[in-house]
Amino acid sequence: MSSYSDDDAFEAAAARPSLSQMAMSAAASARGADYLDGLNPAQREAVETLDGPVLMLAGAGTGKTKALTARIAHLVNTGNARPNDILAVTFTNKAAREMKNRVEGLVGGHGVGMPWLGTFHAICVKQLRRHAELVGLKSNFTILDTDDQIRLLKQLINAAGIDEKRWPARQLAGLIDNWKNKALTPAKLGAADEAAFNDRGKVLYAQYQARLKDLNACDFGDLLLHMVTIFQNHPDLLEQYQSRYKYILVDEYQDTNVAQYMWLRLLAQGHRNICCVGDDDQSIYGWRGAEVGNILRFEKDFPGAKVVRLEQNYRSTPHILAAASSVIAGNRDRLGKELWTEETEGELVRLIGHWDGEEEARWVGEEIEAMASGSRARLRRYSLEEQAILVRASHQMRAFEDRFLTIGLPYRVIGGPRFYERLEIRDAMAYFRVVISPEDDLAFERIVNTPKRGVGNKAMQDIQSVARENGVALKEGARIAAQEGILKGKARGAVAQLIEQLDRWSSLAIQQIRYDGVADEDEVVERPDHDPAEISHIELAEMILDESGYTTMWQNDKTPEAPGRLENLKELIKALEQFDNLGGFLEHVALIMDNESDEQEEKVTIMTLHGAKGLEFPVVFLPGWEEGLFPSQRSMDESGLKGLEEERRLAYVGITRAEEVCTISFAGNRRVYGQWQSQLPSRFIDELAPEHVDILTPPGLYGGGGAAGGFGGDAFGSGREASFSDAVSKADAYNSPGWKRLQERSQRLGTAKTNLRQPKKARNMVVDSTATPVFGVGERVFHKKFGYGNVVDTEGDKLTINFDHSGEKRLVASFVMAADKAGE
DNA sequence: AACTTCTTACTTTTT
DNA sequence: GTAAGAAGTT
């Protein structure tokens with residue numbers, strides 16, 4: 001039926017002019033809707049264009065969440081919609097939480113509840129639990145995580161007699177994931193995809209889906225894919241949902257994949273009241289199925305769409321914005337957008353080269369401390385909380401961690417294995433899963449010999465064959481195998497005992513409602529009153545972990561991680577407090593998978609550029625801007641120009657995280673997989689507009705009191721005996737075409753206060769105004785946002801300009817050009 | 001079944 | 001260089 005390429009589904013319903021909307025909007029203003037106060041014209045337009053498709057192109061730091069929440073408030077306030085006529089979709093739970101908080105304050109008291117607000121996955125789970133039978137599942141299906149997925153696929157690969165070493169399960173999992181992102185069921189795979197994975201891709205995919213159905217389970221991709229399938233096959237049902245969600249809002253639209261796009265399009269068909277918010281320049285998740293195309297194509301997908309650009313930035317100072325703009329300008333596939341700010345003061349983006357990665361880490365550490373103590377000339381004091389290091393790849397973090405540990409600089413690494421992905425948490429959860437769903441084979445397999453009970457490969461195989469012969473789940477198979485004496489010795493007793501325990505725990509858990517998620521918010525959930533004598537789910541959880549011997553296992557473990565793991569188990573029990581029962585908790589974890597910890601100590605943040613999207617820091621360090629590392633070689637090899645453009649967007653995201661001070665750095669030498677390599681500065685460094693960059697000189701470089709000559713000796717500080725070849729590679733790095741070009745340009749433009757060949761004392765000098773293009777009083781100039789104007793006063797490099805249309809503004813000279821050069 | 005050695009690969013990561 | 005996972009050993 002309807003498919004991805006079927007473009008004209010929306011054409012049928014032409015944009016309807018809404019007379020009521022204008023009247024109501026006026027009424028809302030008259031009533032003094034305070035959510036409209038303080039919106040700039042673009043934001044206001046995005047908020048007040050209620051009917052029909054709207055694309056809100058919101059650049060970094062332009063107040064999109066404000067606009068989005070104001071829009072929801074406006075929909076309700078004008079009477080166009082009741083809160084629960086609105087569907088608002090986000091990508092992350094964090095974003096959903098944030099929006100929920102902000103909307104609650106705005107929409108409270110307007111009748112019917114809250115908008116349908118959640119991640120794509122959370123909303124799809126709700127839908128799927130109601131209609132599971134339409135894709136052959138029961139409504140209490142389990143959601144598998146990656147680990148379960150891989151183990152399942154391994155079994156299938158082995159069963160198919162394929163060498164798992166040459167064809168690893170991970171790879172197949174990746175392929176299947178990709179297909180699901182593209183909304184491809186096994187039947188819809190193209191010829192090329194069928195041939196994937198040693199010609200078995202399609203067959204294994206189909207087998208995997210069949211196994212999932214047997215297990216009454218699905219993976220993350222299925223949540224979307226199943227709902228798309230259901231909507232496509234059941235138009236009547238789709239219609240119900242279309243009229244339930246009268247207005248749809250989507251955050252981070254540039255990150256949607258094909259399946260998500262199709263789901264949205266199906267739901268928005270008809271009324272077409274869909275407002276997508278996003279920034280094509282911040283699309284950095286192409287590698288996991290996000291289609292920038294979705295946002296680039298919006299106007300074609302939704303004819304008559306209104307496109308609103310939010311370009312006024314409230315986050316960063318002008319040089320930072322200008323530097324970011326100069327980099328992103330190198331991308332071809334853009335909708336086009338330029339950030340600007342009313343702010344006129346601010347630092348240049350700082351650029352510095354180092355001898356190697358360790359030196360870079362050392363320098364950053366010192367710089368952070370100087371910032372924190374307030375000893376940086378011209379700069380205010382920045383607490384550790386206000387500073388962040390953003391890296392391209394997580395392995396870069398190590399150098400910083402090592403250095404910060406030795407100097408005792410408190411830091412926090414964001415990312416890495418999440419709480420619910422840790423081994424001990426997953427084990428504990430597997431116990432809970434078997435207790436709640438005795439037919440959960442994957443969970444049973446995980447815990448049957450954890451802690452060690454003497455149930456090894458042989459015993460497991462016996463259990464599996466018994467289960468298969470009797471057509472029952474593993475747990476039942478194990479019961480039979482133990483009773484009938486198929487299992488021998490230690491295994492037999494251990495399994496019998498485990499089964500007895502599981503049965504007992506299950507009966508204790510049975511009164512508790514399994515899934516809250518099945519019921520809609522507007523339906524009353526029947527909840528049995530808790531008998532106070534009855535065991536709580538928290539006590540039950542503790543009982544399970546203690547009686548199974550799991551806690552003891554870690555208490556007896558003398559590896560350094562053991563205490564931390566016990567600590568985590570306690571955290572897990574604590575997390576249960578927020579739920580009514582184990583089932584509800586499991587559902588939450590399957591979808592949320594993160595755990596906010598409350599820290600109070602001030603710390604520097606270290607994280608990846610990907611992790612930093614949506615965040616901002618007064619001070620940002622961007623280390624490792626080197627060819628191969630950033631842009632990542634792999635990205636370019638695998639995806640060519642597309643890959644490079646995504647890397648460039650990542651650079652843009654990085655720079656635009658900074659509010660006040662942005663420092664980019666690179667190293668001339670770096671250890672890559674244990675091998676020393678000489679590195680070239682990143683091409684993105686070449687792309688930085690030199691007039692917005694301040695090149696710093698590393699300490700110790702040519703500044704060490706005359707001992708240094710050329711590239712030899714201790715010229716690079718750090719007490720290292722630099723070898724000749726090291727010196728050569730250092731020289732190579734600084735003689736690279738890009739670096740030279742940058743320096744030449746900087747010198748020509750006179751904005752570089754120092755370069756690598758000058759002594760270090762010039763490091764914190766103010767921009768040398770004599771070398772900057774000078775404008776005199778009365779001169780006519782052009783600014784790309786404010787237009788033409790006359791210089792009325794000068795002070796160093798700061799000009800006071802009376803603009804023809806925007807009035808008087810104080811600007812840094814490098815942001816304006818002579819009016820005649822601009823073509824006046 | 002548990003321990004040890006060897007091979008291999010190696011961005012980014014949410015749900 | 002290292003960490004995980006598989007194969008080989010006790």
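The values are calculated or read from the model by the stated rules, or taken from the named source; none is laboratory data. Here the structure is a predicted model, which is why all the values come from computation and not from measurement. Please note: Cβ atoms are built from the backbone with ideal geometry, for glycine as well, and neighbour counts cover all protein chains shown. In case anyone asks, the SASA skips ligands and DNA or RNA and just uses the protein heavy atoms, side chains included. Shrake-Rupley method; radii C 1.70, N 1.55, O 1.52, S 1.80 Å.
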Original post:
Does A:LEU212 satisfy being aliphatic (A, V, I, L, M), open to solvent by less than 30 Å² (accessible area, probe 1.4 Å) and within 30 Å of the chain's Cα centre (by Cα)?
Top reply: yes
Original post:
Hey, does segment A:351-369 have a residue that's outside any strand (DSSP E or B), in contact (Cβ under 8 Å) with a residue 12 or more places away in the chain, surrounded by 14 or more Cβ atoms within 10 Å (Cβ to Cβ) and within 16 Å of DNA strand B (Cβ to nearest atom)?
Top reply: yes
Original post:
Which one of the conditions (1) more than 16 Å from DNA strand C (Cβ to nearest atom); (2) buried (at least 22 other Cβ atoms within 10 Å of the Cβ) does A:LEU629 fail to meet, given that it meets all the rest?
Top reply: (1)
Original post:
Quick one: what pairs do we get from segment A:408-434, first residue within 19 Å of A:ILE389 (Cα to Cα) and among the hydroxyl-bearing types (Ser, Thr, Tyr), second more than 14 Å from DNA strand C (Cβ to nearest atom) and open to solvent by 10 Å² or more (accessible area, probe 1.4 Å), C-beta under 6 Å, 6+ apart or different chains?
Top reply: A:TYR411/A:LYS603
Original post:
Based on what the data block shows, is A:ASN101 under 26 Å from the mean Cα position of the chain (by Cα), over 19 Å from A:LEU266 (Cβ atoms) and open to solvent by 10 Å² or more (accessible area, probe 1.4 Å)?
Top reply: yes
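Let's see how each residue does on (1) under 22 Å from A:VAL413 (Cβ atoms); (2) aliphatic (A, V, I, L, M); (3) in contact with a helix residue (DSSP H, G or I) (Cβ under 8 Å, 6 or more places away or on another chain):
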site	(1), (2), (3)
A:ILE573	no, yes, yes
A:GLN600	yes, no, no
A:GLY611	yes, no, no
A:PRO618	yes, no, yes
A:LEU629	yes, yes, yes
A:GLN633	no, no, no
A:LEU641	no, yes, no
A:ALA658	yes, yes, yes
Original post:
Looking at segment A:129-139, is at least one residue within 16 Å of DNA strand B (Cβ to nearest atom), among the basic types (Lys, Arg) and either closer than 30 Å to A:LEU238 by Cβ or in contact with a Cys (Cβ under 9 Å, 6 or more places away or on another chain) (or both)?
Top reply: yes
Original post:
Taking segment A:638-678, which residues are assigned to a loop (DSSP other than H, G, I, E, B), of a type outside the set (Gly, Ala, Ser) and within 16 Å of DNA strand C (Cβ to nearest atom)?
Top reply: A:TYR673
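Yes or no, residue by residue, for (1) assigned to a helix (DSSP H, G or I); (2) farther than 29 Å from A:GLN464 by Cβ; (3) within 16 Å of DNA strand B (Cβ to nearest atom); (4) at pLDDT below 90:
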{"position": "A:ILE157", "(1), (2), (3), (4)": "yes, no, yes, yes"}
{"position": "A:GLU164", "(1), (2), (3), (4)": "no, no, yes, yes"}
{"position": "A:ALA206", "(1), (2), (3), (4)": "yes, no, no, no"}
{"position": "A:ALA210", "(1), (2), (3), (4)": "yes, no, no, no"}
**OP:** Within segment A:306-341, count every residue that is open to solvent by less than 20 Å² (accessible area, probe 1.4 Å), of a type in the set (A, V, I, L, M) and in a loop (DSSP other than H, G, I, E, B).
**Re:** 1
**OP:** Please state which of the following conditions A:LEU641 fails to meet, knowing it meets all the rest: (1) aliphatic (A, V, I, L, M); (2) surrounded by fewer than 20 Cβ atoms within 10 Å (Cβ to Cβ); (3) away from DNA strand B (no atom under 14 Å from the Cβ).
**Re:** (3)
Original post:
Any residue at all in segment A:485-492 that is away from DNA strand C (no atom under 16 Å from the Cβ), touching a Leu at 6+ places or on another chain (Cβ under 9 Å) and open to solvent by 20 Å² or more (accessible area, probe 1.4 Å)?
Top reply: no
Original post:
Say we look at segment A:386-425 and pick out the residues that are more than 19 Å from A:LEU629 (Cα to Cα) and among the acidic types (Asp, Glu); which of these is least open to solvent (accessible area, probe 1.4 Å)?
Top reply: A:GLU424
Subject >> Filter result (in a helix (DSSP H, G or I) and crowded, with 24+ Cβ neighbours inside 10 Å) within segment A:251-260 >> reply: A:TYR253, A:GLN254, A:ASP255, A:ALA259, A:GLN260
Subject >> Residues that are open to solvent by less than 20 Å² (accessible area, probe 1.4 Å) and in contact with an Asp or Glu (Cβ under 9 Å, 6 or more places away or on another chain), drawn from segment A:111-123 >> reply: A:PRO115
Original post:
Looking at segment A:79-90, which of its residues are out of contact with any Pro (no Cβ under 6 Å at 6 or more places or on another chain) and surrounded by 22 or more Cβ atoms within 10 Å (Cβ to Cβ)?
Top reply: A:LEU87, A:VAL89, A:THR90
Subject >> Extreme residue, most open to solvent (accessible area, probe 1.4 Å), among residues of segment A:445-473 that are closer than 17 Å to A:LEU215 by Cβ and away from DNA strand B (no atom under 16 Å from the Cβ) >> reply: A:ARG468
**OP:** Output the number of the condition that A:ILE150 fails; it satisfies all remaining conditions of (1) in a helix (DSSP H, G or I); (2) over 27 Å from A:LEU266 (Cα atoms); (3) open to solvent by 30 Å² or more (accessible area, probe 1.4 Å); (4) within 15 Å of DNA strand B (Cβ to nearest atom).
**Re:** (3)
**OP:** Residue by residue through segment A:120-137, note down the ones that are more than 13 Å from A:ALA217 (Cβ to Cβ), touching a Leu at 6+ places or on another chain (Cβ under 7 Å) and aliphatic (A, V, I, L, M).
**Re:** A:ALA122
Original post:
Within the bounds of segment A:54-72, is there any residue that is open to solvent by 30 Å² or more (accessible area, probe 1.4 Å), under 30 Å from A:GLU659 (Cα atoms), hydroxyl-bearing (Ser, Thr, Tyr) and outside any helix (DSSP H, G or I)?
Top reply: no
**OP:** Scan segment A:649-673 for residues that are within 12 Å of DNA strand B (Cβ to nearest atom) and within 26 Å of A:GLU342 (Cα to Cα) and jot them down.
**Re:** A:ARG649, A:LEU650, A:VAL653
Original post:
Is it the case that segment A:177-188 has a residue that's within 15 Å of DNA strand C (Cβ to nearest atom) and open to solvent by 50 Å² or more (accessible area, probe 1.4 Å)?
Top reply: no
Original post:
Restricting to segment A:391-415, what's the tally of residues that are more than 10 Å from DNA strand B (Cβ to nearest atom) and either in contact with a Gly (Cβ under 6 Å, 6 or more places away or on another chain) or not β-branched (Val, Ile, Thr) (or both)?
Top reply: 14
**OP:** Determine whether A:GLN501 is within 15 Å of DNA strand B (Cβ to nearest atom), of a type outside the set (A, V, I, L, M, F, W, C) and either farther than 30 Å from A:MET371 by Cβ or in a loop (DSSP other than H, G, I, E, B) (or both).
**Re:** no
Subject >> Residue check, A:ASP177 in contact with a Gly (Cβ under 8 Å, 6 or more places away or on another chain) and within 14 Å of DNA strand B (Cβ to nearest atom) >> reply: yes
Subject >> Residue check, A:ALA27 more than 26 Å from the chain's Cα centre (by Cα), modelled with pLDDT under 90 and open to solvent by 10 Å² or more (accessible area, probe 1.4 Å) >> reply: yes
